[in-house]
Amino acid sequence: MNPVRKATVLISGTGSNLQALIDAVASGRLDLDIVHVISNVADAPGLQRAERAGIRSSILEHGRFADRADFDAALALLMAADAPDLVILAGFMRIIGDAVLEPFAGRMINLHPALLPKYRGVNTYQRALDAGDDIHGASIHFVTAELDGGPVLSQVEIPILGDDDATTLAARLGPKEHELVVASVEFLTRHAVECGDGTIKIDGKPLATPYRLQADGTLGA
Ligand code: GRF
């Protein structure tokens, strides 16, 4: 994948990560054209964020399709029409199937609220608390057929505090997720990144361990 210029963002809810991307574009930090926002939930508040920013948006309600394959086929068509360099799943709460995965392999990233490979799936905050972990975090990974299982590009860690519950942990992770998604997309606008066969190559070199979000808001070793 050559440095990214055009992106489509998939959402299901609040869209605070979408907003972080919109703000980073508006401030000039991110040289990116967000061409389309697609939501599978009709009243997702993130759709209003797209509208306020003048970004085209579409609603594709999964419940209106006969089955998962039909939904995936419609989503793939909608996504392909813009020919985005990158598709960003930012709080998109649907499992994506082959009709989308195949044409967009290596060009789709997902934000997941856990330090993958730990805690794929849902309820990550409670699961980290129940396990007695000291740290939690978020990951940006390439999307593959395995749920939350694709190669990890970048991560951010936060400490778990003694009095944390799932709500406080999620609230403290949120702003860090915003920084991580912006830093990661910025990285993809500046580097040639390939993702195939379970590995990520950055400017031709394999990435041994995921990048970390640095104090200056960029990705680093
Ligand atoms: C984020 O916490 C993300 O990790 C999870 O869903 C949430 C999306 O939030 N997958 P928002 O819709 O971007 O506000």
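Residue pairs whose Cβ atoms lie under 6 Å apart, separated by 6 or more positions or on different chains, with the first residue in the stretch 88-106 and of a type in the set (D, E, K, R) and the second part of a loop (DSSP other than H, G, I, E, B) and away from the ligand (no atom under 16 Å from the Cβ), do not occur.
Condition check for ALA145 on (1) at pLDDT below 95; (2) within 11 Å of the chain's Cα centre (by Cα): one failure, at (2). Annotation note: Cβ proximity below 9 Å between a residue of the stretch 196-221 that is closer than 20 Å to ALA105 by Cα and a residue that is among the aromatic types (Phe, Trp, Tyr) and surrounded by 15 or more Cβ atoms within 10 Å (Cβ to Cβ) (sequence gap 6+ or interchain) occurs for ILE200/PHE142; ILE202/PHE187; ILE202/TYR211. Restricting the first member to the stretch 1-24 and to residues that are farther than 18 Å from ALA76 by Cβ and touching a residue at least 24 places away in the same chain (Cβ under 8 Å), and the second to residues that are among the β-branched types (Val, Ile, Thr) and surrounded by fewer than 18 Cβ atoms within 10 Å (Cβ to Cβ), the beta-carbon pairs closer than 7 Å and six or more apart or on different chains are PRO3/THR189; VAL4/THR189. Of everything in the stretch 175-196 that is small (Gly, Ala, Ser) and more than 13 Å from the chain's Cα centre (by Cα), the residue that is farthest from LEU86 (Cα to Cα) is GLY196. In the condition set (1) under 19 Å from ALA20 (Cβ atoms); (2) assigned to a helix (DSSP H, G or I); (3) of a type in the set (Ser, Thr, Tyr), TYR125 is compliant with all but (1).
Taking the stretch 77-91 as the range and being more than 17 Å from the chain's Cα centre (by Cα) and open to solvent by less than 30 Å² (accessible area, probe 1.4 Å) as the test, only ASP82 passes.
Per-residue answers, yes or no, for (1) of a type outside the set (A, V, I, L, M); (2) in contact with a helix residue (DSSP H, G or I) (Cβ under 8 Å, 6 or more places away or on another chain); (3) in a loop (DSSP other than H, G, I, E, B):
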site: GLU51; (1), (2), (3): yes, no, no
site: SER58; (1), (2), (3): yes, yes, no
site: ALA66; (1), (2), (3): no, no, yes
site: ASP70; (1), (2), (3): yes, no, no
site: VAL87; (1), (2), (3): no, yes, no
site: PHE92; (1), (2), (3): yes, no, yes
site: VAL100; (1), (2), (3): no, yes, no
site: LEU116; (1), (2), (3): no, no, yes
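Of all the listed residues (THR218, THR189, THR199, THR167), the sole one being exposed (fewer than 13 other Cβ atoms within 10 Å of the Cβ), at pLDDT 95 or above and among the polar types (S, T, N, Q) is THR167.
Filtering the stretch 131-142 down to residues that are touching a Leu at 6+ places or on another chain (Cβ under 9 Å) and open to solvent by 20 Å² or more (accessible area, probe 1.4 Å), which residue is nearest to ILE109 (Cα to Cα)? Break it down into steps so the answer makes sense when it comes.
First, the residues of the stretch 131-142 that are touching a Leu at 6+ places or on another chain (Cβ under 9 Å): 133, 135-142.
Now drop any that are not open to solvent by 20 Å² or more (accessible area, probe 1.4 Å), which leaves 133, 135.
Working: ASP133: 26, ILE135: 23 Å.
Among them, the one singled out is ILE135.
Is at least one residue of the stretch 47-65 in contact (Cβ under 8 Å) with a residue 24 or more places away in the chain, within 25 Å of GLY121 (Cβ to Cβ) and open to solvent by less than 20 Å² (accessible area, probe 1.4 Å)? No, there is no match, as no residue in the stretch 47-65 is in contact (Cβ under 8 Å) with a residue 24 or more places away in the chain, within 25 Å of GLY121 (Cβ to Cβ) and open to solvent by less than 20 Å² (accessible area, probe 1.4 Å). Taking the numbered list (1) away from the ligand (no atom under 15 Å from the Cβ); (2) more than 26 Å from ARG190 (Cβ to Cβ); (3) in contact with a strand residue (DSSP E or B) (Cβ under 7 Å, 6 or more places away or on another chain) in turn, ASP70 passes all entries but (3). When restricted to residues that are in a helix (DSSP H, G or I) and either among the polar types (S, T, N, Q) or within 16 Å of the ligand (Cβ to nearest atom) (or both), the stretch 1-35 contains 10.
The values are calculated or read from the model by the stated rules, or taken from the named source; none is laboratory data. These numbers were taken from a predicted model, which means no experiment stands behind them. With ideal geometry, Cβ positions are generated from the backbone for all residues, glycine too; neighbour counts draw on all protein chains shown. To get the accessible areas, we keep the full protein, side chains included, count just its heavy atoms, and leave off ligands, DNA and RNA. Shrake-Rupley method; radii C 1.70, N 1.55, O 1.52, S 1.80 Å.
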